[in-house]
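**Student:** I am attaching a structure below and will ask some questions about it afterwards.
The values are calculated or read from the model by the stated rules, or taken from the named source; none is laboratory data. In this text the structure is predicted, and so the values were computed from the model without any measurement. Counting neighbours? That spans all protein chains shown, and the Cβs are built from the backbone with ideal geometry, glycine included. Surface accessibility is based on the protein's heavy atoms, side chains included, excluding ligands, DNA and RNA. Shrake-Rupley method; radii C 1.70, N 1.55, O 1.52, S 1.80 Å.
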Amino acid sequence: MDASQDYLQPPGGWLMTQTERLPAPPPARRGVLFRSVSGVARWFGRQELPRVFPVFNINRRLFWPWLLFASQMMPFGRLPAPLREMLILRTGWLCRSRYEWGQHVEIALRVGVTHEQIVALATAPHSLPEPATAVALQACEELCQQQLISETTWQTLSEYFKPRELVEIILLVGHYQMVAGLLINSGVQLEPSIENALDAFNQRAEALAGNPRESLS
């Protein structure tokens with residue numbers, strides 16, 4: 001799939017390297033312990049191992065602490081799964097990371113986020129009607145753009161979320177900004193199954209806009 005042909009893509013397009021800068025090592029060079037991660041991948045809702053895992057494992061000293069940390073927010077975080085995925089999607093969109101966006105479009109749909117909501121995240125996040133979601137996404141926007149959440153946004157955010165949830169929101173967004181940097185600069189490509197899922201979503205988004213490539217139910 002030519003990423004430039006995605007129906008939905010951020011202003012300026014996806015950030016892409018010209019080559020695969022950090023190729024995933026072949027299975028024989030990934031280490032005995034790493035082979036157990038294929039089972040861990042099911043934590044993240046994957047039957048196949050996401051390609052980011054072996055790329056991250058190039059630095060094994062960092063990989064295992066990262067995996068434990070990341071799993072405490074996704075999938076074992078305390079935020080509602082739909083909100084968590086919308087925050088990750090918005091972060092991936094703002095960072096212009098196609099891999100992060102594609103992976104989490106598929107996950108978001110599985111946890112109950114609708115096609116319409118995902119399209120709104122890309123095109124008009126302020127149009128989402130649920131107040132807690134709207135202010136969380138506003139905080140995400142401010143974190144990605146300037147790090148500091150404004151006083152007005154923070155006051156409203158605090159009305160909907162407990163202090164421990166506020167910490168999780170900030171760390172979730174910051175974590176996926178960091179991961180987006182690795183994904184973009186490594187040149188890692190979406191797995192074929194996720195590529196197909198993203199293409200199906202783009203077709204659905206195009207159909208919702210009244211310009212379908214094909215009839216979709």
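For (1) open to solvent by 50 Å² or more (accessible area, probe 1.4 Å); (2) under 30 Å from THR19 (Cα atoms); (3) at pLDDT below 95, each residue gets a yes or a no:
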position: GLN145; (1), (2), (3): yes, yes, no
position: LEU157; (1), (2), (3): no, no, no
position: PHE161; (1), (2), (3): no, no, no
position: GLU165; (1), (2), (3): no, no, no
position: LEU171; (1), (2), (3): yes, no, no
position: GLN177; (1), (2), (3): no, yes, no
position: LEU183; (1), (2), (3): no, yes, no
position: GLY187; (1), (2), (3): no, yes, no
position: PRO192; (1), (2), (3): yes, yes, yes
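**Student:** I'd like to verify a number: residues in segment 118-127 that are over 14 Å from CYS95 (Cα atoms), open to solvent by less than 20 Å² (accessible area, probe 1.4 Å) and among the aliphatic types (A, V, I, L, M), how many? It would help to see each step written out before you state the result.
**Tutor:** Pass one, segment 118-127, residues over 14 Å from CYS95 (Cα atoms): 118-120, 123-127.
From the residues that got through so far, the ones that are open to solvent by less than 20 Å² (accessible area, probe 1.4 Å) too are 118, 120, 125.
Keeping just the survivors that are among the aliphatic types (A, V, I, L, M) gives 118, 120.
Looking only at that region, the number is 2.
**Student:** Suppose we keep only residues that are assigned to a loop (DSSP other than H, G, I, E, B) and modelled with pLDDT under 95 within segment 21-32. Which one would you say is surrounded by the most Cβ atoms within 10 Å (Cβ to Cβ)?
**Tutor:** We begin by selecting, within segment 21-32, every residue assigned to a loop (DSSP other than H, G, I, E, B); these are 21-26, 30-32.
The next check asks that each one be modelled with pLDDT under 95; those that pass are 23-26, 30-32.
Values: PRO23: 14, ALA24: 20, PRO25: 14, PRO26: 8, ARG30: 18, GLY31: 15, VAL32: 6.
Per the criteria, the residue is ALA24.
**Student:** Among (1) at pLDDT 95 or above; (2) surrounded by 14 or more Cβ atoms within 10 Å (Cβ to Cβ), where does GLU206 come up short?
**Tutor:** All conditions are met except number (1).
To keep it simple, each residue is scored yes or no on (1) part of a loop (DSSP other than H, G, I, E, B); (2) in contact with a Pro (Cβ under 8 Å, 6 or more places away or on another chain); (3) free of Cβ contacts under 8 Å to residues at least 40 places away in the same chain.
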site: ALA122; (1), (2), (3): no, yes, no
site: HIS126; (1), (2), (3): no, no, yes
site: ALA132; (1), (2), (3): no, no, no
site: ALA139; (1), (2), (3): no, no, yes
site: GLU142; (1), (2), (3): no, no, yes
site: LEU157; (1), (2), (3): no, no, yes
site: GLU165; (1), (2), (3): no, no, no
site: VAL188; (1), (2), (3): yes, no, no
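**Student:** Quick check, is ARG98 closer than 21 Å to ASN196 by Cβ and either open to solvent by 40 Å² or more (accessible area, probe 1.4 Å) or among the small types (Gly, Ala, Ser) (or both)?
**Tutor:** On the way: closer than 21 Å to ASN196 by Cβ: yes; either open to solvent by 40 Å² or more (accessible area, probe 1.4 Å) or among the small types (Gly, Ala, Ser) (or both): no.
No.
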